[in-house]
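Enquirer: Dropping the structure in here first, questions after.
The values are calculated or read from the model by the stated rules, or taken from the named source; none is laboratory data. All values reported here derive from a predicted model rather than from experimental measurement. The area values use the complete protein model at the heavy-atom level, side chains included, leaving out ligands, DNA and RNA. Shrake-Rupley method; radii C 1.70, N 1.55, O 1.52, S 1.80 Å.
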Amino acid sequence: MSVSSDEFRSILGRFPSGVTVVTTKAADGSDQGMTVSAFCSLSLQPPLVLVCIEKTASVHNALTGSPAFIVNILSAKQEQIARRFSIVDIDRFEGVGFSRSRNGIVVLDDVIGVIECNRFSLHDGGDHTIVVGEVEAGSTETGAPLLYYRGGYAQMER
């Protein structure tokens, strides 16, 4: 028995996830980034995380070809950033505040967490590539996370 794509999407939509923007540098040195909700921790020893990137995504080749990337964990106040980095064919960084990591990758302003990674491995995941990163550095700030739930953005209530 197999579940249809629509059924699968509906079921998974019941699982809230945090929202991130993954940034990297392309081979030509250009800044690249996209909104990613398919992100999670993988291992404590060594410290590993994974992100899943659709193979047709505009940032796919840059992310899978780069030796390093950054996961920017968005705050509840950053829905517009999440929306901006999911639009295709624009300069996603235009008008967005950021600094740079020690290896020159964009770190977005006002995020609640930053995870700096070196690419550890790549794995086939159907229509996605699973990018595993070894965490080299990180930082946190206070604030509530931005969530993705049932096809839209949400905020956590406590």
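Enquirer: Regarding the stretch 75-158, what is the average projected area of its C-alpha convex hull, in nm²? Kindly include the intermediate steps, with their values, before the conclusion.
Expert: Details: hull surface 29.7 nm².
Averaged projected area of the stretch 75-158's Cα convex hull equals 7.4 nm².
Enquirer: A follow-up question, please. Quick check: with the 1.4 Å probe, what order do Lys77, Lys25 take by accessible area, largest first?
Expert: Details: Lys77 195, Lys25 60 Å².
The most accessible residue leads, giving Lys77, Lys25.
Enquirer: Per residue of the stretch 99-115, in order, report the coupling 6.51 cos²θ - 1.76 cosθ + 1.60 (Karplus, θ = phi - 60°) as ³J(HN,Hα) in whole Hz, putting x for Gly and Pro.
Expert: These are the phi-based 3J(HN,Hα) values: 10, 10, 6, 4, 9, x, 8, 4, 10, 5, 6, 6, 7, 8, x, 10, 10 Hz.
Enquirer: Still on this structure: Pick from Glu141, Glu116, Glu79: which is most flexible by mean-square fluctuation in a GNM of the chain where alpha carbon atoms under 10 Å apart are linked?
Expert: Taking springs between Cα atoms under 10 Å, the residue moving most is Glu141.
Enquirer: What does the helix-only formula give at 222 nm for the chain: each DSSP H stretch with n ≥ 4 adding -39500 (n - 2.57), the total divided by the residues, and the result rounded to the nearest 500 deg cm²/dmol? Show your work: numbers first, answer last.
Expert: Working: 3 runs with 20 residues, N = 158.
The helix contribution divided over the chain gives -3000 deg cm²/dmol.
Enquirer: A further question follows. How high is the relative contact order of the stretch 58-158, in percent, counting Cα pairs under 8 Å that sit 6 or more residues apart? Intermediate values should be presented prior to the final figure.
Expert: Working: 150 pairs, mean separation 30.5, N = 101.
Reported as a whole number, the value is 30 percent.
Enquirer: Could I get the Rg over Rh figure for the stretch 1-108? Both from C-alpha atoms, Rh via Kirkwood, rounded to two places. Display every interim value, and only then the final one.
Expert: On the way: Rg = 15.0 Å, Rh = 15.2 Å.
When Rh is taken as the Kirkwood radius, the ratio is 0.99.
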